[in-house]
Amino acid sequence: MDYLDFDTSEDEHGCASLEAMASVSAAQVAAVQAEIQQVLGWAQAAFPGLQAPLDEGGEWDFQVQQQVEIVAGQTRQTFTLSLTGTPQFCEAFRQQFPVN
C-alpha cells in the first residue's frame, strides 16, 4: 500500500475497526481508488457473502467516504476507508495488509 495506512482499535469482544485515510491531489486519485478496491476485493474474496454489519451477523463491513477540499489554492481529495470485522476477519486482514 502506497496511500492507505491502517490504524486499528479493538473492542472487548476482539472485533476491530480498521481505518485508513489518504488526502491526495487529482493526479493520485486513481491510485488511491485502486488501493481501496484492492482491499475490498480481497475482503469479498476471502469472506464471500459475509459482508454485513457485525451486529446483524456479518463477518465484516465497510464504509468509504470521499471529500473534495481546496487547500492553499490546490484541489485535494480525501478518502477514508473504514472496515469493521470479527477477530477472524481482522487476523486475516493483518496477514494481508500492514496495520499500525
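Would you call residue 80 surrounded by 11 or more Cβ atoms within 10 Å (Cβ to Cβ), in contact with a Cys (Cβ under 8 Å, 6 or more places away or on another chain), in contact (Cβ under 8 Å) with a residue 60 or more places away in the chain and closer than 17 Å to residue 98 by Cα?
For residue 80, the condition - surrounded by 11 or more Cβ atoms within 10 Å (Cβ to Cβ), in contact with a Cys (Cβ under 8 Å, 6 or more places away or on another chain), in contact (Cβ under 8 Å) with a residue 60 or more places away in the chain and closer than 17 Å to residue 98 by Cα - is not met.
Among the residues of the stretch 18-39, write down those that are within 15 Å of residue 65 (Cα to Cα), loosely packed, with under 15 Cβ neighbours inside 10 Å and in contact (Cβ under 8 Å) with a residue 40 or more places away in the chain.
none
Can you tell me which condition residue 79 does not meet? The list is (1) hydrophobic (A, V, I, L, M, F, W, C); (2) modelled with pLDDT under 95; (3) part of a strand (DSSP E or B), and all the others hold.
So residue 79 meets the others, but not (2).
When you go through 69, 19, 12 one by one, which is the residue that is in a strand (DSSP E or B) and more than 15 Å from the chain's Cα centre (by Cα)?
The unique qualifying residue is 69.
Out of 73, 85, 58, I need the residue that is surrounded by fewer than 17 Cβ atoms within 10 Å (Cβ to Cβ), more than 14 Å from residue 20 (Cα to Cα) and not polar (S, T, N, Q). Which one?
On inspection, the qualifying residue turns out to be 73.
How about the stretch 31-57: which of its residues are small (Gly, Ala, Ser), more than 16 Å from residue 3 (Cα to Cα) and at pLDDT 95 or above?
Within the stretch 31-57, 41, 43, 45, 46, 49, 52 qualify.
Which residue, of 95, 51, is of a type outside the set (Lys, Arg), out of contact with any strand residue (DSSP E or B) (no Cβ under 9 Å at 6 or more places or on another chain) and within 16 Å of residue 18 (Cβ to Cβ)?
After applying the criteria, what remains is 95.
The values are calculated or read from the model by the stated rules, or taken from the named source; none is laboratory data. Please read all numbers here as calculations on a predicted model, not as lab measurements. FYI the Cβ positions are ideal-geometry reconstructions off the backbone, even for glycines, and counts take in every protein chain you see.
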